[in-house]
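For reference, the structure is listed below as structure tokens.
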Amino acid sequence: MSRRTASWHVATVADTRPETSTARRIELEVPTWPGNDAGSHLDVRLTAPDGYQASRSYSIASSGEGPRITLAVDEVPDGEVSPFLVRDLRVGDQIEVHGPLGAFFVWMPSGDPSPVQLIAGGSGVVPLFAMASAHAASGDEAEFRLLYSVRSPDDAFFSDELDALAGERLTLDLVYTRQAPPGAQVPPGRLTPERLAAAVAPPQNNPRVYVCGPTPFVEAVAGWLIDAGHDPARIRTERFGGS
Ligand SMILES: Cc1cc2nc3c(=O)[nH]c(=O)nc-3n(C[C@H](O)[C@H](O)[C@H](O)COP(=O)(O)OP(=O)(O)OC[C@H]3O[C@@H](n4cnc5c(N)ncnc54)[C@H](O)[C@@H]3O)c2cc1C
């Protein structure tokens, strides 16, 4: 459970860089930030010169204390907020953020030895990357696995960082839905109940499962997990929207 109280903060854009062809990584400097647990999110509020405001939720890819926060935003075509964040935001710009939010969809070292299974669709990897990074930096003994469904290798968020984590501290399984890398053993295709069951920690190992991504992805995966015998009380979900 998060011990930090959510409030409004002024954030200054410290750095931005392309994450994928449609997404941008955004580093924010927030001097008043109280820190955040791995998996939590915040609300970004934009205000136009005429006073019109729009806000959207974004997961935080970083965790811990300190004034730096990392976001990764995928552009939703014709969206109101994400195209601005991906295309127009510049270093030195200021935006308002409200957080940290989400005490339920977080991971922190606990000494619980049961495995942790992360399952991401697209940009849903953002909070799960924060969890995998926090786990790697901790002495927590739990086995960590990430199943990441993504359109193609070029669409994977945090690709270099995940490759670096993969191995001793993280088992990484990638499912390519539209284009697999050259030489891949498995042709591209959507995640199915069978592929899911083959990749995730089995229900008899009583894993703690975190699922995040577009709403249809999360609902399908959560249903398949329950059908396969996973305990619903051990499954935590975060829906990013979309239909
Ligand atoms: C807790 C939480 C955390 C989130 N974290 C992230 C994150 O880390 N990175 C990130 O890129 N997004 C994240 N999102 C999604 C984000 O809040 C916005 O919904 C997204 O950026 C689209 O906003 P928009 O204003 O551009 O589009 P809108 O103007 O709100 O919507 C335009 C159209 O796109 C559809 N749409 C809305 N959201 C999505 C979506 N996620 N996928 C597909 N279609 C959509 C709408 O139904 C609508 O038809 C998160 C959402 C939640 C609830």
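Every read-out reported here was derived from the displayed coordinates using simple, explicitly stated rules and does not represent laboratory data. Everything numeric here is computed off the predicted structure, so don't read it as measured data. Virtual Cβ from ideal backbone geometry, glycine too; neighbours counted across all protein chains shown.
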Listing of strands (runs of 3 or more DSSP E) fully contained in the range 171-243 that carry 3 or more residues being touching a strand residue (DSSP E or B) at 6+ places or on another chain (Cβ under 6 Å) and within 16 Å of the ligand (Cβ to nearest atom):
208-213, 235-239
Going through the range 103-120 in order, the residues found to be under 13 Å from the mean Cα position of the chain (by Cα) and either β-branched (V, I, T) or closer than 23 Å to S55 by Cβ (or both) are F105, V106, I119
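Does at least one position in the range 93-101 carry a residue that is part of a strand (DSSP E or B), closer than 29 Å to L172 by Cα, within 16 Å of the ligand (Cβ to nearest atom) and touching a Cys at 6+ places or on another chain (Cβ under 6 Å)?
Going through the range 93-101, the residues part of a strand (DSSP E or B) turn out to be 94-101.
From the residues that got through so far, the ones that are closer than 29 Å to L172 by Cα too are 100-101.
From what's left, within 16 Å of the ligand (Cβ to nearest atom): 100-101.
When the remaining residues are screened for being touching a Cys at 6+ places or on another chain (Cβ under 6 Å), the result is none.
No: the range 93-101 contains no residue that is part of a strand (DSSP E or B), closer than 29 Å to L172 by Cα, within 16 Å of the ligand (Cβ to nearest atom) and touching a Cys at 6+ places or on another chain (Cβ under 6 Å).
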If we keep just the residues of the range 114-148 that are crowded, with 24+ Cβ neighbours inside 10 Å and among the small types (G, A, S), which is farthest from the ligand (Cβ to nearest atom)?
A132
I need a count of the residues in the range 174-201 that are closer than 12 Å to L225 by Cβ and surrounded by fewer than 14 Cβ atoms within 10 Å (Cβ to Cβ).
0
Just one of (1) within 8 Å of the ligand (Cβ to nearest atom); (2) under 26 Å from R236 (Cα atoms); (3) of a type outside the set (V, I, T) trips up S62, so point out which.
(1)
Among D78, D88, the single one that is within 16 Å of the ligand (Cβ to nearest atom), farther than 16 Å from G241 by Cα and without any contact (Cβ under 8 Å) to a residue 40 or more places away in the chain is D88
